[in-house]
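K.L.:
The structure that follows is given in the form of structure tokens.
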Amino acid sequence: MNDNEQQPVTIITGRVWRRKGGVAEGVHVMLVAPDDDSAVRAALEALAKEGFAEAELDQIGEMEGMPDEEPHASAYQGAIEGEVSIVTFDENR
């Protein structure tokens, strides 16, 4: 990869809980990381910093371009800019 080439955005999916034993929310975490292990560590640290008591991560992969719809488009842009972007949603909808 040359210096002008941007690293791919990693997406991690799973579930999070604000309180142990509480209601689960779906989560998509987007970030740029050198490898999967670093991505998972950064995601867990960001989730803890945002006040989530528990996290269960299911899948990890690379995004194939910017999503069309919000809030994922903004999260993707944040990841490109160096942030760990977190999108939560109600899994029961």
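Read-outs throughout are calculated quantities, based only on the coordinates presented, and are distinct from any laboratory measurement. The structure displayed is predicted, hence computed values, not measured ones. For neighbour counting, all protein chains shown are included, and Cβ atoms are generated from backbone atoms with ideal geometry for every residue, glycine included.
K.L.:
Kindly list the number of the only condition in (1) in contact with a strand residue (DSSP E or B) (Cβ under 8 Å, 6 or more places away or on another chain); (2) surrounded by 12 or more Cβ atoms within 10 Å (Cβ to Cβ); (3) among the hydrophobic types (A, V, I, L, M, F, W, C) that fails for residue 89.
P.N.:
With (1) in contact with a strand residue (DSSP E or B) (Cβ under 8 Å, 6 or more places away or on another chain); (2) surrounded by 12 or more Cβ atoms within 10 Å (Cβ to Cβ); (3) among the hydrophobic types (A, V, I, L, M, F, W, C) applied to residue 89, the lone miss is (2).
K.L.:
Filter the stretch 61-93 down to the residues that are within 19 Å of residue 35 (Cβ to Cβ), of a type outside the set (Ser, Thr, Tyr) and in contact (Cβ under 8 Å) with a residue 12 or more places away in the chain and list them by number. Walk me through it before giving the result.
P.N.:
The first filter runs over the stretch 61-93 and keeps only residues within 19 Å of residue 35 (Cβ to Cβ), leaving 61-64, 79-80, 82-85.
Next cut, of a type outside the set (Ser, Thr, Tyr) only: 61-64, 79-80, 82-84.
Correct list: 61, 62, 63, 79, 80, 82, 83, 84.
K.L.:
If you don't mind, another one. Among the residues of the stretch 14-32 satisfying the criterion of being part of a loop (DSSP other than H, G, I, E, B) and touching a residue at least 24 places away in the same chain (Cβ under 8 Å), which is nearest to residue 85 (Cα to Cα)?
P.N.:
Taking the stretch 14-32 and keeping what is part of a loop (DSSP other than H, G, I, E, B), we get 18-23, 32.
Still in the running and touching a residue at least 24 places away in the same chain (Cβ under 8 Å): 18-20, 22, 32.
On the way: 18: 17, 19: 21, 20: 22, 22: 23, 32: 10 Å.
Result: 32.
K.L.:
Tally time: how many residues in the stretch 4-41 are of a type in the set (Gly, Ala, Ser), more than 10 Å from the chain's Cα centre (by Cα) and over 18 Å from residue 78 (Cα atoms)?
P.N.:
Our first condition is that a residue be of a type in the set (Gly, Ala, Ser); within the stretch 4-41, this holds for 14, 21-22, 24, 26, 33, 38-39.
Restricting the remaining residues to those that are more than 10 Å from the chain's Cα centre (by Cα) gives 21-22, 24, 26, 33, 38.
Next, from what is left, pick out any that are over 18 Å from residue 78 (Cα atoms): 21-22, 24, 26.
Here the count works out to 4.
K.L.:
Across the stretch 42-93, which residue is nearest to residue 6 (Cα to Cα) among those that are assigned to a strand (DSSP E or B) and among the hydrophobic types (A, V, I, L, M, F, W, C)? Let's see the steps before the verdict.
P.N.:
Start the filter on the stretch 42-93 by keeping residues that are assigned to a strand (DSSP E or B), which leaves 54-62, 85-89.
From what is left, the residues that are among the hydrophobic types (A, V, I, L, M, F, W, C) are 55, 57, 60, 86-87, 89.
Working: 55: 28, 57: 25, 60: 19, 86: 20, 87: 22, 89: 28 Å.
Per the criteria, the residue is 60.
K.L.:
Given (1) surrounded by 12 or more Cβ atoms within 10 Å (Cβ to Cβ); (2) in contact with a Ser or Thr (Cβ under 7 Å, 6 or more places away or on another chain), identify the lone condition not met by residue 59.
P.N.:
Result: residue 59 passes all but (1).
K.L.:
Filter the stretch 39-84 down to the residues that are touching a Leu at 6+ places or on another chain (Cβ under 7 Å) and of a type in the set (Gly, Ala, Ser), then identify the one that is farthest from residue 11 (Cα to Cα). Can you show your working first?
P.N.:
First pass over the stretch 39-84, keeping only residues touching a Leu at 6+ places or on another chain (Cβ under 7 Å): 39-40, 42-43, 55, 79, 84.
After this cut, where a residue has to be of a type in the set (Gly, Ala, Ser) as well, the list is 39, 42-43, 55, 79.
On the way: 39: 9, 42: 12, 43: 10, 55: 15, 79: 10 Å.
Among those that are touching a Leu at 6+ places or on another chain (Cβ under 7 Å) and of a type in the set (Gly, Ala, Ser), it is 55.
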